[in-house]
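The values are calculated or read from the model by the stated rules, or taken from the named source; none is laboratory data. None of these values were measured; they are calculated from a predicted model. So basically every Cβ, Gly included, is an ideal-geometry build from the backbone, and we count neighbours across all protein chains shown. Please note that ligands, DNA and RNA were not included when accessible areas were found on the heavy atoms of the full protein model with its side chains. Shrake-Rupley method; radii C 1.70, N 1.55, O 1.52, S 1.80 Å.
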Amino acid sequence: VNNKIVTGPLVSIAKQSGAPTLLWQDLHEPAGIVADATSLFWLEQVNDTFSFPGRLRVVPKGGGTPTDVASTADVLPIHFALDESYAYMTGLEGTGADSHGVLWRIARSGGTVNELARANGVVYESVVNAPTAIYFTIGWSAGTQPAGAASIRKVCKQP
């Protein structure tokens with residue numbers, strides 16, 4: 001905000017009492033959170049020294065020490081979605097005319113980062129999980145969307 005790094009806590013709030021429980025402090029430029037039955041996943045756009053790499057992290061819903069699912073290397077992570085097996089993450093790699101959007105797939109338990117899509121001169125933004133495909137949006141970094149170019153794309157999931 002105003003060219004300053006944003007940090008903040010991860011807090012759970014009980015439905016019945018409204019009582020907050022601190023799960024973790026000092027999230028670095030948090031960019032989205034997704035909950036499943038047992039865990040909370042979130043993106044941090046930068047690391048604890050406020051530079052790259054960012055990371056996808058996970059912590060049990062009841063609290064504990066977060067673990068890194070994946071490092072984003074020199075990619076600015078934008079959004080992510082989960083299915084039963086994988087996290088799907090959009091990001092922006094590079095700057096200026098050399099920038100490009102990327103869509104990655106990472107096992108929820110960590111491991112190898114697989115690139116599913118890449119395009120020059122765009123920013124891949126929102127990402128949504130569907131049963132047979134991953135849908136993601138494109139922001140056109142050059143301004144106006146080119147004629148005939150779709151702003152929503154999909155990648156079919158592999159069986």
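Ranking ASP74, ASP36 from most to least accessible surface, computed with a 1.4 Å probe over the protein chains only, gives ASP74, ASP36. Spin-label pair THR7-LEU22: with each label point 7 Å from Cα along the Cα-Cβ axis, the two points sit 1.2 nm from one another. Obtain the nm distance between the two label points defined at SER109 and THR95 by a simple spin-label model: each point lies 7 Å from its Cα along the Cα-to-C-beta direction. For the pair SER109/THR95, the computed spacing is 3.9 nm. For the chain, excluding the exposed loop sites themselves (trypsin sites (Lys or Arg not before Pro), DSSP loop, at most 16 other Cβ atoms within 10 Å), the longest remaining stretch covers 62-159. The candidates SER126, SER99, arranged from most to least accessible area with a 1.4 Å probe in the full protein assembly, appear as SER126, SER99. For region 1-143, pairs of C-alpha atoms spaced more than 22 angstrom apart make up 40 percent of the total.
Of the whole protein surface, LEU116 contributes about 60 Å² of accessible area at a 1.4 Å probe radius. Listed by chain and number, the aspartates and glutamates whose C-alpha is less than 12 Å from the C-alpha of LYS61, apart from same-chain residues fewer than 8 away, are ASP36. The distance between label points at ARG118 and ALA149 comes to 1.8 nm (points 7 Å beyond Cα on the Cα→Cβ vector).
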